[in-house]
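First the structure, in the form of structure tokens, and then the observations on it.
The values are calculated or read from the model by the stated rules, or taken from the named source; none is laboratory data. Remember, it's a predicted structure, so these values are computed and weren't measured experimentally. Note that each Cβ is placed from the backbone with ideal geometry, even for glycine, and that neighbours are counted across all protein chains shown. Just so you know, the surface numbers come from the protein's heavy atoms only, side chains and all, with ligands and any DNA or RNA stripped out. Shrake-Rupley method; radii C 1.70, N 1.55, O 1.52, S 1.80 Å.
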Amino acid sequence: MLFWQRLDDKIISVLIMTKNKLLNSNQLKLIAIVAMTVDHIAWAVFPGYPLDAVPVIMHIIGRLTCPIMCYFIAEGYHYTKNINKYTSRLFIFAVISKSFIPFYYGNVLNQTSVMWSLAWGLVMLRVANSEKLNSFVKVLSIIAICVITLPSDWSCVASLCILAIGTNRGKFKNQMFWMIFYVAIYSAVYFFAI
């Protein structure tokens, strides 16, 4: 019981535990890279939204990437020495990735890369934690960011997950509740898009 209380208080890692050992950040990044690669292979080999078992399983594996990347953006917010440079780098990479990654397509969703959602998620977390903005402005800003990120890959869900992880830092159960909530919404949208 004491172990779980310490885990809940310190929250060193995202969610993966094996016999009291947490995965370190490099291991989590490797999982995200492999999962994303599997997902991209699925899009290349099985274009569209096939309902066969293999592409669906590959896409499910690929969905591990989002919560891991959102976690690292939220942690980066807390650990960076210069939040403005961190935010700028994310937006620069978002612009570059939009220019050189041509496989994003769709009528409404997936018009920009996932970096767009991640960069705006960082802005959302900055807004939520700002002491200069009142609650009304914060809510309007968060709604505006959701609208801005809606057409991107991972939609506004990635931004909201960053917000949930960042604002509930040190509260593992709250982080997981909100992650599951937002991912369930995204899953429902994905399901009905098929």
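Tabulated results
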item: Members of the stretch 15-38 that are within 17 Å of the chain's Cα centre (by Cα) and modelled with pLDDT under 90; result: Leu15, Ile16, Ser25
item: Residue within the stretch 118-131 that is in a loop (DSSP other than H, G, I, E, B), at pLDDT 85 or above and open to solvent by 30 Å² or more (accessible area, probe 1.4 Å) present; result: yes
item: Positions within the stretch 57-89 being over 22 Å from Asn168 (Cα atoms) and either hydrophobic (A, V, I, L, M, F, W, C) or touching a helix residue (DSSP H, G or I) at 6+ places or on another chain (Cβ under 7 Å) (or both), in sequence order; result: Ile57, Met58, His59, Ile60, Ile61, Gly62
item: When residues of the stretch 102-117 are limited to those that are closer than 18 Å to Leu90 by Cα and open to solvent by 40 Å² or more (accessible area, probe 1.4 Å), the one modelled with the highest pLDDT; result: Trp116
item: Count - residues of the stretch 55-93 that are within 14 Å of the chain's Cα centre (by Cα) and assigned to a helix (DSSP H, G or I); result: 15
item: Neighbours by Cβ (under 9 Å, 6+ apart or cross-chain): first from the stretch 72-100, more than 17 Å from Ser130 (Cβ to Cβ) and without any contact (Cβ under 8 Å) to a residue 60 or more places away in the chain; second part of a helix (DSSP H, G or I) and open to solvent by 90 Å² or more (accessible area, probe 1.4 Å); result: Phe72/Lys29
item: Residues of the stretch 145-194 satisfying the condition of being outside any helix (DSSP H, G or I) and open to solvent by less than 40 Å² (accessible area, probe 1.4 Å); result: Ser152, Asp153, Trp154, Asn168, Gly170
item: Residue within the stretch 167-182 that is more than 12 Å from the chain's Cα centre (by Cα) and among the small types (Gly, Ala, Ser) present; result: yes
